[in-house]
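The values are calculated or read from the model by the stated rules, or taken from the named source; none is laboratory data. None of these values were measured; they are calculated from a predicted model. Positions of Cβ are backbone-derived with ideal geometry, glycine not excepted, and every protein chain shown enters the neighbour counts. SASA here: full protein model, heavy atoms, side chains in, ligands and nucleic acids out. Shrake-Rupley method; radii C 1.70, N 1.55, O 1.52, S 1.80 Å.
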Amino acid sequence: MHKIALLICCLFVLMSCKSKKTATASSHKSHKTETKKNTYSNNSNYNEKADAIIDYAQTFNGVRYKYGGTTKKGMDCSGLVTTAFKKEDILLPRTTSQLAVSGEWIDVKEVQKGDLLFFATRKNSRTVNHVGIVTNTRPGYVEFIHSTTSKGVITSELSEKYWYFAFVQARRIL
């Protein structure tokens with residue numbers, strides 16, 4: 001009986017330690033990135049930078065999913081984000097959990113092209129594990145590019161049932 005109680009205690013401790021290492025939906029903290037917040041003097045410069053990031057990300061459309069990938073041979077979701085931003089000399093953290101606490105938290109109703117959307121796709125979890133770049137918006141409509149394990153790099157709509165329910169937060173890097 002003592003062995004079972006000890007085993008349960010050990011499992012509880014291990015599970016609680018693991019959960020502290022990942023970003024969660026309630027995280028609104030910002031980590032410094034190598035970009036400067038609102039460094040663009042007007043909306044035109046912001047749009048040009050966002051368009052350039054999106055255009056480069058779209059060159060990976062159809063590229064298969066590869067965990068840790070950052071090239072045309074294979075791409076994962078955070079690899080797509082960091083590669084697209086790096087092309088515009090914006091260096092970001094490599095993992096989704098680190099990206100999820102970078103930049104500035106924004107309401108989904110205020111997202112613009114170039115913003116990041118974060119999702120929790122694991123069953124019964126609100127821990128962020130997926131990211132995409134907003135490519136197009138209008139009232140009530142958000143489109144984003146991302147790399148999925150099943151279809152590789154694709155563009156999806158936030159209104160799609162799967163993505164709508166998996167959505168956790170939006171963040172602005174530019």
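Count of segment 49-69 residues, restricted to those that are open to solvent by less than 60 Å² (accessible area, probe 1.4 Å) and among the polar types (S, T, N, Q), is 0.
Within segment 43-62, residues that are closer than 16 Å to ARG172 by Cβ reach partners that are aromatic (Phe, Trp, Tyr) and modelled with pLDDT under 95 with beta carbons closer than 8 Å, at six or more positions or on different chains, in the pairs TYR46/TYR40; LYS49/TYR40.
Annotation: TYR56 fulfils all but one of (1) outside any strand (DSSP E or B); (2) under 15 Å from the mean Cα position of the chain (by Cα); (3) over 19 Å from TYR162 (Cβ atoms); the unmet one is (2). Would you call SER78 of a type in the set (Ser, Thr, Tyr), part of a helix (DSSP H, G or I) and buried (at least 19 other Cβ atoms within 10 Å of the Cβ)? The answer is yes for SER78. Residues in segment 81-101 that are of a type in the set (Gly, Ala, Ser) and within 14 Å of HIS130 (Cα to Cα) were compared, and the one that is least open to solvent (accessible area, probe 1.4 Å) is ALA100.
Condition check ((1) within 11 Å of CYS77 (Cβ to Cβ); (2) of a type in the set (Asp, Glu)) across all residues:
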position: ALA100; (1), (2): no, no
position: GLU110; (1), (2): no, yes
position: THR121; (1), (2): yes, no
position: HIS130; (1), (2): yes, no
position: ASN136; (1), (2): no, no
position: TYR141; (1), (2): no, no
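When both residues are 6+ apart or on different chains and their Cβ atoms are under 8 Å apart, which pairs have a first residue that lies in segment 112-141 and is open to solvent by 10 Å² or more (accessible area, probe 1.4 Å), and a second that is of a type in the set (Asp, Glu)? Qualifying pairs under 8 Å: LYS113/ASP51; THR135/GLU143; ASN136/GLU143; THR137/GLU143; TYR141/GLU157.
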